[in-house]
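Reading through the structure tokens given below for one structure.
The values are calculated or read from the model by the stated rules, or taken from the named source; none is laboratory data. It should be emphasised that the depicted structure is a prediction, and the values quoted were computed from it without experimental measurement. Heads up, the Cβs are rebuilt from the backbone with ideal geometry, glycines too, and the neighbour counts pull from every protein chain shown. Surface areas here come from the heavy atoms of the whole protein model, side chains and all, with no ligands, DNA or RNA. Shrake-Rupley method; radii C 1.70, N 1.55, O 1.52, S 1.80 Å.
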Amino acid sequence: MSLSTQPADPRTERDDVTQPQLGPLGLLRFAWRQLTSMRTALFLLLLVAVAALPGSIFPQRSIDAVRTADWIARHETAGPILDTLGFFEVYASPWFAAIYLLLFVSLVGCVLPRSRIHWRAMRSLPPRAPKRLERLSAHESVTLDGAPDEVLREVRSALRSGRFRTHSHDATTVSAEKGYLKETGNLLFHLALIGVIVGMAWGHLLGWKGDVILPVGQTFANTVARYDTISPGPLVDPADFTPFTMKLTRFDAEFEDDVQGKGQFGSPRDFTAYVDFTKTPGAEPEKKVIRVNGPLETGGGTAFLLGNGYAPKITVRNAAGTVLYSEATPFLAQDNNYTSVGAVKVAGAGPAGKQLGFAGLFLPTAVLDEQGPRSVFPDALEPALALSAFEGTLFPQGRPQSVYSLDTDDMTQLKNADGSDLLRIWLTQGQTFTLPGGQGSITFDGLERFAGISIRSDPGKELTLVSALAALLGLILSLTIRRRRVFVRVAPAAEQGRTVVSIGGLAKDDDEGMGEQLEDVLTRLKERRT
Amino acid sequence: MTNETLASYANLSLYSAMAVLTLSMLGYAGYLAGLLPARDARAESADAPDRELVSAGGGSAGDGGPSRADAVTARGGSDAQVPLRARKAAGVAHTLALLGTVLLFASAALRGASVQRWPLGNMFEFGVAAALFTMVVFVAYGLRRDLRWLGLFVVAPVLILLGLANTVWYTEAAELMPSLKSVWLVIHVTVATISVGLFAVGFVIALLYLAQDRFGTERGVLRALPDGKTLERLTYGLHIIAFPLWTFTLIAGAIWARQAWGSYWNWDPKEVWTFIIWVVYAAYLHARVTRGWRRQSATWVAVAGFVCIIVNYAVVNMYFVGQHSYSGL
Ligand code: HEM
């Protein structure tokens, strides 16, 4: 007799038996049995773990598209092959999906029949006591005062007080069982995992996220065109976006300037974005703050503060002094001291081939020494721009490109006035640099900070969370509760008026506590006798 | 706001803990060494059944049955057969292990006080906390059953971990980056570290079990261990406590990720590894009840799980690019 919370599954046992000739239907049934067997589930679990690995090793397009493109470019042979195989989008790749879908089909196919079996088991009676209780792994026998039927009655009540379910199949035995909640917990756990997946799928289909870089003073309106990047789920209609607006009025950044805390000098301490938030057009703007770890609910979405940096205001003029470009231009921080890269693309400087581009660094606290230009502190104490200038075609063949870098394939770098060396522009705040050869000038007018704000919506997250917590509860029940069967038989003792009580326990092999369980029952019984 | 004095006391406490634990380790080694000749002697005179000696005082149905301590020493024999010197060594080792654990706790608490935050914000602090919780698990479990045979195998790796934390991962006491300022840091990382402590002890026992299975029960120090069945059960017992805690870690991490990064799951390398670890341990629990899988093979899956934990701490934190920018290095 086996007592497993896993109902004896005749299907898996048949695995080794040579299969007779199967028709198409039989083949299908055979495949289904294989898929829903415990061994397959185990194999698929291990496979999921292995398949998830490459996504942590290779850069992923959905997380960092630039780094991914860079990696592919640097690995000429491996890059494109791995790309075709989906190694840069592991979690959206067909093979990853195939594994987890199979796992979940297997899960459903396994859990539903088990639920049915468990439902029946919960309502059925504990089985008849075996003939010889002393053959059970844990067993004991005591002699007590009293007649057998009287003792048996009290055995039953002792078992019930120990939360056993009892039944007497005949006049001299009691069969008892407890711990049905173990299997219930196990099933809850597995079913809840399905809930987690459904919640994730729901969020994927109906959720969206968009990122925007918002310099201080600028206003963001929640329309698709206004996002720098946006990825809506397949079932999302961006026309339905709630039309709020948000103006960044101030951005505070605090950095460690206490030189005492060695190794931490310059570490970020606090970031706060102050916004004027207008829920619907025409409504009164409300003053709100967005912090790291403190997002803002926008209604239909949530705005998170995920990044920040500097947007120096740069103006480019032609030789005649006409302004060709004048914008707060965000530069993206590359290190903890905000050594930032960016580009200025002056498409209006002339026709293709005669356009101007600037690329280089913004340094909030600049130093220039033999290590090259860099920033030594993240706050803007001595801001400077270090740029190179290019002439040529900014957008060759209209290829898409990052706003923060220059595609210099069709451009030539400008040289010094005497042609001796490549031109290097160094600008501190307020300075203007006159380009050689009558190409005009570039000015570093002022400095703003920008906030990197991400607005996201995930309608599936509540279902996922509730399911995950239910899974945890089920897991705890399943792992802590013991399924136990106890059998008791009474017989008249040799001495008059005494009864021999034999008790035996049947448990899973790992149940070290069975002996104590029997003790507990006997103690309860003795309490009743005195 | 860093209080340098408190921070230096924290370090002092840490060094003392390491010194004390080193002595404890030697004591446990002495215990095992002292045990071996005793076992040999017993093997020669194989007539005295252990059980009689153990339960000499009782035997009636009322007081005991096979007790816990009994189950562990079933193979090793009762305390009476352990030479006095070995018993003394183990006693001293145990006291020192307790003292070392208290000192580790003091070190973590002082560091927390010095930076006025929860002391789990960088690699160094993870290392110390993981060592602390591993010791807590060992000492606490040791109250319930005789784990003297395990001391050497727990304290030695804990010392290695502390050594690494102190040299390779050392970070000055400091405040946290903004993204780490959250109650979820306290919840998520603390529970993660507690479950790592449990997994660690489970892992050590799993290795001993596999070693015994591979090399037999009569070779060298393997003779001094409980039998395979007991080792396997202990391994399982620790894992089923650790696994729900790890599940909770995963959920709490997702909640925090949504607060800090806007989305509860981003497939960031650190998240991927937390997930991989979870799946591997789930596979262990499955493998253990899958027909056709031997307990030994299942235990290998648990070992793989802990290897993933080591990779997660030592490799992913340092070398993989992700949003979990908290190694502090
Ligand atoms: C997403 C996939 C799955 C995961 C993460 C998973 C996880 C787990 C975990 C952690 C346990 C141990 C805790 C407990 O006893 O409740 C467990 C037990 C169990 N699982 Fe799964 N499981 C998965 C799929 C499946 C499938 C497909 C089957 C059916 C073939 C299955 C059958 C079982 C059974 C029968 C047990 C009980 C073992 C026992 O008696 O202790 N699981 N599962």
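Which number comes out as Rg/Rh for the stretch B:176-328 once both Rg and the Kirkwood Rh are worked out on C-alpha atoms? Dividing the radius of gyration by the Kirkwood radius yields 1.05. Counting only protein heavy atoms and a 1.4 Å probe, the stretch A:216-312 has 49 square angstrom of accessible area per residue. The mean count of C-beta atoms from other chains within 10 Å of the C-beta of residues in B:283-295, rounded to a whole number, is 5. Using a probe of 1.4 angstrom and keeping all protein chains present, the accessible surface of the stretch B:176-328 works out to 33 square angstrom per residue. Placing dummy labels 7 Å off each Cα toward the beta-carbon, the span from B:Leu26 to B:Arg214 is 3.0 nm.
Inter-label distance, A:Gln371 to A:Arg39: 6.1 nm, where each label sits 7 Å from its Cα along the C-beta direction. Per residue, the average separation of C-alpha pairs within less than 8 Å and at least 6 apart gives the stretch B:176-328 a relative contact order of 26 percent.
With respect to chain A, whose longest principal axis is taken over its alpha-carbon atoms, helix A:148-161 is tilted by about 10°. The mean number of Cβ atoms from other chains found within 10 Å of a Cβ in peptide A:57-64 is 3, as a whole number. Considering only A:Gly513, A:Gln401, A:Ala239, the residue lying farthest towards the positive end of the dipole of chain A is A:Gly513, judged by Cα position with unit charges set on Cβ. Listed values for the stretch B:190-201 are Karplus-derived 3J(HN,Hα) couplings in whole Hz (6.51 cos²θ - 1.76 cosθ + 1.60, θ = phi - 60°), namely 5, 5, 4, 5, 4, 5, 4, x, 5, 4, 4, 5, and x replaces Gly and Pro.
I need to check one value: relative contact order of the stretch A:421-464, counting alpha carbon pairs closer than 8 Å and at least 6 residues apart, in percent.
Contact order relative to length: 27 percent.
Cβ-Cβ distance of A:Arg482 and A:Thr523, R₀ of 25 Å, FRET efficiency by 1/(1 + (r/R0)^6): the value works out to about 0.90. Once you order the gyration tensor axes a ≥ b ≥ c over the Cα atoms, which shape class does the protein assembly as shown get: rounded for a/c under 1.5, otherwise prolate or oblate by comparing a/b with b/c? Since a/c reaches 1.5 and a/b is larger than b/c, the shape of the protein assembly as shown is classed as prolate. Which residues in the stretch A:287-313 have a backbone N closer than 13 Å to a point placed 7 Å from the Cα of A:Val224 along the Cα-to-Cβ line? Taking a point 7 Å out along Cα→Cβ of A:Val224, no residue of the stretch A:287-313 has its backbone N under 13 Å. Here the stretch B:204-258 yields Rg over Rh of 1.27, to two decimals, using C-alpha coordinates and the Kirkwood radius.
For the stretch A:42-92, the gyration tensor built on C-alpha atoms gives a prolate shape. Its axis ratio a/c (a ≥ b ≥ c) is at least 1.5, and a/b is the larger of a/b and b/c. Measuring heavy-atom accessible area with a 1.4 angstrom probe and counting protein chains only, the residues of the stretch A:448-477 that give up at least 30 Å² relative to the chain alone are A:Arg456, A:Lys461, A:Leu465, A:Leu472, A:Leu475. Partners of A:Lys279 within straight-line reach, counting lysines whose Cα lies under 21 Å from its Cα and excluding those fewer than 8 residues away in the same chain: A:Lys209, A:Lys247, A:Lys287, A:Lys288. Under a model in which nothing but the beta-carbon of Lys, Arg (+1) and Asp, Glu (-1) is charged, the protein assembly as shown shows a dipole of about 3360 debye around its Cα centre.
Relative contact order of chain A, taken over Cα pairs closer than 8 Å and 6 or more residues apart, is 19 percent.
Accessible surface buried by the B/A pair amounts to about 5200 Å², both sides summed, 1.4 Å probe. A simple spin-label model places the labels of A:Ser62 and A:Leu82 1.8 nm from each other, with each point 7 Å out along Cα-to-Cβ.
Note that the stretch A:31-119 carries a Kirkwood radius of 14.8 Å, evaluated over its alpha carbons pair by pair. In terms of its C-alpha gyration tensor, the stretch A:262-319 comes out oblate, because a/c is 1.5 or above while a/b does not outweigh b/c. Shown for the stretch A:375-483: the carbon plus sulfur share of the solvent-accessible area, taken with all protein chains present and a 1.4 angstrom probe, equals 53%.
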